[in-house]
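Heads up: the structure comes next, in structure tokens.
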Amino acid sequence: MSVTLASLLKSKQENRPLVVLTAWDYTLSPILDDLVDIILVGDSLAMVALGHPTTLPITLEQMIHHASAVKRGVKRAFVVCDLPFLSYQEGISAAIRSAGRVLKETGVQGVKLEGGYPLIAETVANLTTIGIPVMGHIGLTPQSVHLLGYRQQGNTDAEAERLLSEALSLEQAGAFSVVLEHIPSHLAATITSSLSIPTIGIGAGPNCDGQVLVTADLLGLSAKLPPFAKAYLNLRQVISEAVQKYADEVRDHQFPS
Ligand code: KIV
């Protein structure tokens with residue numbers, strides 16, 4: 001059965017953890033489709049798939065290109081695409097145009113945007129009012145790397161209070177879930193119990209309604225893992241061994257036989 005907005009919201013009431021992974025192409029997305037609830041076309045693909053040092057350089061056109069490829073491989077999971085840096089921060093009409101293009105041109109069901117400050121909450125309210133499902137993202141927000149770095153957020157009482165109030169205002173604005181990235185576990189627990197929409201944690205401890213990982217990290221494809229990620233496989237090594245075997249067979253005139 002297809003994952004819907006209603007089934008995602010129900011999962012929180014039923015205490016059924018949501019499984020979320022990123023994807024960036026048509027090779028990966030059909031493999032994830034039956035195994036996860038949400039596939040996120042995260043702008044981390046700027047770093048993972050395109051080799052940029054941060055997520056900032058990726059454009060809306062590039063996100064649309066990748067999200068279209070991902071969506072072509074998906075029949076069941078709910079697909080969300082990140083709005084990239086500068087495609088929504090300029091104001092509500094920029095955000096409506098960007099999010100509208102993403103939904104129209106890729107077929108994905110929702111968008112994610114970073115931050116919870118008043119303009120973002122107002123933007124989320126405008127997007128949801130016109131029927132665009134929105135996932136929020138607070139805590140470590142990689143599009144603000146030059147201001148915040150990649151350090152854990154929410155460590156002081158003031159920061160923790162701000163993050164809780166941002167989460168509440170995103171829920172109030174109609175977001176259907178909120179990613180909590182790299183914040184203390186106890187703060188993630190407080191935010192999770194204060195919201196009726198699901199929280200999706202990454203580096204936020206076990207007390208969230210779901211978890212997300214960057215698939216390249218999970219597979220052991222990334223050269224360097226963030227401290228909170230877990231590699232379930234060393235795919236770099238697996239690929240390297242397979243390629244070595246192929247190269248040996250070509251050089252020894254064993255392939256093709
Ligand atoms: O871009 C991304 O992959 C993300 C996840 C890490 C949540 O935003």
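Under 4 °C and 1.567 mPa s, how fast does region 87-131 diffuse according to Stokes-Einstein, given a Kirkwood radius computed over C-alpha pairs? Answer in µm²/s, whole number. Let's see the in-between values first.
Values: Rh = 10.5 Å.
In µm²/s, the coefficient rounds to 123.
For region 5-218, with only Lys/Arg (+1) and Asp/Glu (-1) charged at the beta-carbon, what is the dipole magnitude about the Cα centre, in debye rounded to 20?
520
State in Å² the accessible area per residue of the chain; use a 1.4 Å probe, count heavy atoms of protein chains only, and round to the nearest integer. Mind dumping the intermediate values first?
Working: 12430 Å² over 257 residues.
Per-residue value: 48 Å².
Ignoring everything but the protein chains, give the 1.4 Å probe accessible area of Val238 in square angstrom, nearest 10.
We get 70 Å² for Val238.
Please tell me the relative contact order of region 1-124 in percent, rounded to the nearest whole number, where contacts are Cα pairs under 8 Å and at least six residues apart.
Values: 199 pairs, mean separation 29.7, N = 124.
For region 1-124, the relative contact order is 24 percent.
Using DSSP to call loops (not H, G, I, E or B), can you name the chymotrypsin sites (Phe, Trp or Tyr not before Pro) in region 152-256 whose Cβ has at most 12 other Cβ atoms within 10 angstrom?
Numbers: sites: Phe176, Phe228, Tyr232, Tyr246; in loops: Phe176, Phe228, Tyr232.
Answer in residue order: Tyr232.
Efficiency by 1/(1 + (r/R0)^6): what FRET value for Arg162 and Leu119, r their Cβ-Cβ distance, R0 = 22 Å, to the nearest 0.05? Could you put the intermediate results ahead of the total?
Details: r = 15 Å, r/R0 = 0.67.
Efficiency, rounded to the nearest 0.05: 0.90.
Count the DSSP beta bridges whose two residues both fall in the chain, then state the antiparallel fraction as a percent rounded to the nearest 5. Intermediate values should be presented prior to the final figure.
Values: 0 of 27 bridges.
If I count the DSSP bridges inside the chain, around 0 percent turn out antiparallel.
Hey, what angle do you get for helix 235-251 against the long axis of the chain, alpha-carbon based, 0 to 90 degrees rounded to 10?
It works out to around 20 degrees.
Between Ile120, Gly107, Leu8, whose Cα lies farthest towards the positive end of the dipole of the chain when Lys and Arg beta carbons carry +1 and Asp and Glu beta carbons carry -1, centred on the Cα centre?
Gly107
How do Arg72, Arg236 stack up against each other in accessible area, from largest to smallest, with a 1.4 angstrom probe? Don't skip to the answer; put the middle values down first.
Working: Arg72 165, Arg236 120 Å².
Output order, biggest surface exposure first: Arg72, Arg236.
Where in region 26-68 is the amide nitrogen less than 15 Å from a point lying 7 Å along the Cα-to-Cβ axis of Ala223?
Zone members listed by number: 47-54.
Quick one: P(r) of region 155-204 from all Cα-Cα pairs, 10 Å bins, percents rounded to integers, in order of increasing distance.
29, 62, 10
Seen from all sides and averaged, what is the projected area of the convex hull of the Cα atoms in the chain, in nm²? List each step's numbers first, then the result.
Details: hull surface 59.1 nm².
Average projection, Cα convex hull of the chain: 14.8 nm².
Please give the helix 118-129 orientation as an angle from the longest Cα principal axis of the chain, in degrees from 0 to 90, rounded to the nearest 10.
80
Can you put Leu147, Leu221 in order of accessible area, largest first, using a 1.4 Å probe?
Values: Leu147 150, Leu221 55 Å².
Descending order: Leu147, Leu221.
Which one of Tyr232, Val250, Gln89 is farthest out on the positive end of the charge dipole of the chain, using unit charges on Cβ (Lys, Arg +1; Asp, Glu -1) and the Cα centre as origin?
Val250
Using the beta-carbon distance between Asp25 and Ile130 and R0 = 25 Å, what value does 1/(1 + (r/R0)^6) give for FRET efficiency, to the nearest 0.05?
Details: r = 29 Å, r/R0 = 1.17.
Given R0 = 25 Å and the Cβ-Cβ separation, E is 0.30.
For region 84-183, which GluC sites (Glu not before Pro) are in a loop by DSSP, counting at most 14 other Cβ atoms within 10 Å? Provide the component values of the computation, followed by the final result.
Values: sites: Glu90, Glu105, Glu114, Glu122, Glu159, Glu161, Glu166, Glu171, Glu181; in loops: Glu90, Glu114.
Answer by residue number: Glu90.
Against the longest principal axis of the chain, how steep is helix 60-72, in degrees 0 to 90 to the nearest 10, with axes from Cα atoms?
Rounded to the nearest ten degrees, it is 70.
So, with a 1.4 angstrom probe, what is the percent of accessible area on the chain that is carbon and sulfur?
Details: 7150 of 12430 Å².
In the chain, the share of accessible area belonging to carbon and sulfur is 58 percent.
The values are calculated or read from the model by the stated rules, or taken from the named source; none is laboratory data. Please read all numbers here as calculations on a predicted model, not as lab measurements. Counting neighbours? That spans all protein chains shown, and the Cβs are built from the backbone with ideal geometry, glycine included. Note: accessible area is taken over every heavy atom of the protein model, side chains too, but ligands, DNA and RNA are not part of it. Shrake-Rupley method; radii C 1.70, N 1.55, O 1.52, S 1.80 Å.
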